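Trainee: Sharing a structure with you now.
Read the figures in this text as sums done on the coordinates, not as results from a lab. None of these values were measured; they are calculated from a predicted model. Don't worry about glycine lacking a Cβ; one is built from the backbone with ideal geometry, like all the others, and counts go over all protein chains shown.
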Amino acid sequence: MKKIMKFIVLVLSFNLWVNLTWACGHPPPPPPVPDPPPPKVWMIDHGIDPVTGMSNMWFGVEIDPVLFPITEPTVCTCGIGLGGANLPFVPSLNVTSAMLAVTNMDTHEVERVDGFDFTPDSGIAGDAAANALIPDQQWSGFSALVTNFVQPILEENEVLKLWFNLEIHPDDLEALDGATTGQLLGFNIGGSPDDPEHLPQQFIGKKVPEPASALLLALGLALFGAGRSRRLSQ
């Protein structure tokens with residue numbers, strides 16, 4: 001009986017030693033870190049253009065404040081995807097322009113980053129749709145040949161946002177609301193799909209209630225219009 005008890009004690013001691021060795025040599029993995037929430041997408045309604053009769057609005061999403069450095073002329077691209085499977089289709093959707101801008105999260109003041117003259121690019125839209133994180137979205141793409149730019153310096157409460165100007169017929173406002181409110185939106189930013197060093201990267205964001213700002217309303221179409229009318233460079 002004593003021999004049996006000694007054997008049991010030895011087995012239990014051995015197991016305890018093995019467990020302690022494992023615990024000391026290989027600490028348990030840290031608890032999983034939850035994925036960060038998708039970046040917030042601001043929507044600024046600029047109302048109906050009296051000339052075209054179309055409703056105009058901005059969609060803006062925060063991006064990495066450090067832009068990819070360039071040493072020679074480089075193609076930069078961006079895109080936005082709305083809606084998705086089982087969500088309303090917006091027949092008249094036309095994303096007319098895109099820009100990068102330093103945006104103050106308190107005052108909502110916007111300062112355009114010079115050097116990125118984005119123009120519509122169906123090839124970028126097609127590449128984004130083919131590699132979409134969310135299927136069946138309505139994608140619009142843009143590209144720009146960037147020769148140089150100055151890295152934006154952010155002050156307190158400032159972020160770098162990628163802004164898109166949307167134009168839709170007022171009859172489609174309900175469809176747009178259903179395709180975006182409470183839904184994830186797709187965004188694409190990077191270089192040319194043919195550039196292995198700077199491939200477009202896709203991420204998703206979520207629309208939040210628009211911030212009230214008379215300043216943004218006043219600056220809105222003027223800033224986007226400036227990008228179409230002149231070449232920006234440093």
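Trainee: Where a ≥ b ≥ c are the square roots of the eigenvalues of the C-alpha gyration tensor, would you call region 84-194 rounded, which needs a/c under 1.5, or, failing that, prolate if a/b is larger than b/c, or oblate?
Mentor: Oblate.
Trainee: How charged is the neighbourhood of ASP194? Take every other residue with its Cβ under 14 Å from the Cβ of ASP194, and add Lys/Arg as +1 and Asp/Glu as -1.
Mentor: Charge balance in the 14 Å sphere: -4.
Trainee: Which loop GluC sites (Glu not before Pro) in region 137-176, with loop taken from DSSP, have no more than 15 other Cβ atoms within 10 angstrom of their Cβ?
Mentor: Answer by residue number: GLU155, GLU156.
Trainee: Putting +1 on Lys and Arg Cβ atoms and -1 on Asp and Glu Cβ atoms, find which of ASN104, LEU133, THR119 reaches farthest to the positive end of the dipole of region 59-169.
Mentor: Going by the charge dipole, the pick is LEU133.
Trainee: In addition: List, in order, the whole-Hz ³J(HN,Hα) value for each residue of region 143-155 obtained from phi through the Karplus relation with A = 6.51, B = -1.76, C = 1.60 and θ = phi - 60°; use x for Gly and Pro.
Mentor: Computed from phi, the couplings for region 143-155 are 9, 8, 8, 9, 9, 6, 6, 9, 4, x, 9, 8, 8 Hz.
Trainee: Return the distance in nm (one decimal) between the two label points of a simple spin-label model at THR107 and ASP136, each offset 7 Å from Cα along Cα→Cβ.
Mentor: 4.5 nm
Trainee: Rounded to the nearest 20 debye, what is the charge dipole size of region 28-118 about its Cα centre when +1 sits on each Lys and Arg Cβ and -1 on each Asp and Glu Cβ?
Mentor: It comes to approximately 320 debye.
Trainee: If you don't mind, another one. Evaluate E = 1/(1 + (r/R0)^6) for LEU154 and ASN86, where r is the Cβ-Cβ distance and R0 equals 45 Å; express this FRET efficiency to the nearest 0.05.
Mentor: Approximately 0.70, to the nearest 0.05.
Trainee: Quick one: length gained pulling ASP45 to GLN201 fully straight, 0.36 nm per residue minus the C-alpha distance?
Mentor: 53.4 nm
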